[in-house]
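Report on the following structure.
The values are calculated or read from the model by the stated rules, or taken from the named source; none is laboratory data. Predicted model only: the values in this text are computed from it and were never measured. All Cβ positions, glycine included, derive from the backbone under ideal geometry; neighbour counts span all protein chains shown. All accessible areas refer to the heavy atoms of the entire protein, side chains included, with ligands and DNA or RNA removed. Shrake-Rupley method; radii C 1.70, N 1.55, O 1.52, S 1.80 Å.
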Amino acid sequence: MAPTTSKWNPRGWQKKWKVTAVVATIIAIIVIIVAAVEGTKHHKSKNSYPDYHALNYTLEDRWQGTNFFDNFDYHSTADPANGFVNYVDQATAISTNLTYAGDSSVFLRADSTDTNAKNGRNSVRITSKKQFHSGLFVFDIKHTPYGCGLWPAVWLADPSDWPGNGEIDVVETVNQGNTGNQMALHTSKGCKMNARREQTGTVKGTNCYNGTNDNAGCAVMGSSSSYGAEANEDGGAVYAMELRDAGIRMWIFNRDSPPGDLRPNNDTTPDPSSWGQPIADFPSTDCDIGSHFKNQSIIANIDFCGSWADSVYSSQFKCPGKCEDFVATNATAFEKAYWEFASFRIYSTNE
């Protein structure tokens, strides 16, 4: 009687089935190895810190002097941020000295004369005619505005698609501005800053989506000397922001001692990789920077009260009375409510 064998016992298989089994096993092992390697690559790519290698920047625009405002449109309709403000057109701003461009300084002011601004205090908001997808932006600022009720900023956004094309706050604070400069991103869904970051500033939020935390964004705070009276008394500051697919980084330097490649009359190609750690680092690790930030216009304004300045007006800054009442009637309180710009420089790269 022939010995019986199970069909699962290889010793009873025909030769062709044995060969097939060996080949199938080898293929399975290869598939497992490839999947493991690719999985490791994907995990590493998704979670690794981006490559901020040096880029070859060249000067694209230098906005300064008497032609400074030629690069901007004046916003003269309702305030998108719902502040207690009346933004005026260019003719009114010039005639009331709210904007003035000289050879060495450019001024953007809020009104400091009206003692009954019951419908909001006159001020200025300008938006650059040119838009940018990437670049290195250098804001040389001699004086930053501060005072109870203020909400000033220098920032980038696409006014026609917010928050779809993102917002980058480079210089911003509220009220007396003695808590330091806040740098932040505001985006549509899918942009977070929970991963590794290399920066010296203090993290105030990691979810950039505008629908969370009352649109606080993912913010980083600088020191008290990075804005306001302290910065002004020190001669002002140079604020630099780099926007690239790898991420967004920001630095703040004293105007008297910036890196050599950022000095006003130095035509050397600037190299952010030589400046040391930034104050704010927003890497692309968990945020596709290229898709979240497009068509960025440069905006400078001085707003009043609104959602941020009003919410901390008394509690954090101990300002008197109610924000809108104070802003409407205390004209002389806004004599320090002005920007003084030396220049805006924009550098581009083909990389």
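Side notes on the structure shown:
- The heavy atoms of M241 offer some 0 square angstrom of accessible surface to a 1.4 angstrom probe.
- Apportionment of accessible area to carbon and sulfur, the chain, percent (1.4 Å): 50 percent
- Distances between every pair of Cα atoms in the stretch 118-266, grouped in 10 Å steps from 0 to the bin holding the largest one, split as 10, 38, 38, 12, 1 percent.
- The convex hull of the Cα atoms of the stretch 112-181, projected and averaged over all directions, covers 6.6 nm².
- Summed residue charge, Cβ within 12 Å of V327's Cβ, Lys/Arg positive, Asp/Glu negative: -3
- All-pairs alpha carbon distance profile, the chain, 10 Å steps from 0, percent: 5, 23, 30, 19, 7, 4, 4, 3, 3, 2, 0, 0
- Relative contact order of the stretch 58-348, defined on C-alpha pairs under 8 angstrom at six or more residues apart (%): 32 percent
- Mean separation of Cα pairs under 8 Å and 6 or more residues apart, divided by the residue count, gives the stretch 107-203 a relative contact order of 18 percent.
- Calculated P(r) of the stretch 219-351 - Cα pairs past 22 Å, %: 53 percent
- Two-decimal log10 I(q)/I(0) for the stretch 56-167, as the Debye equation yields it once each C-alpha is a single scatterer, q = 0.10, 0.12, 0.23 Å⁻¹: -0.33, -0.48, -1.61
- Computed over the stretch 231-299: relative contact order in percent, which uses C-alpha pairs under 8 Å that are six or more apart: 33 percent
- Counting only protein heavy atoms and a 1.4 Å probe, the stretch 197-259 has 39 square angstrom of accessible area per residue.
- Using alpha-carbon coordinates, inclination of helix 15-47 to the longest axis of the chain, degrees: 10 degrees
- The gain in end-to-end length when the N178 to N194 segment is fully stretched comes to 3.0 nm, 0.36 nm per residue minus the alpha carbon separation.
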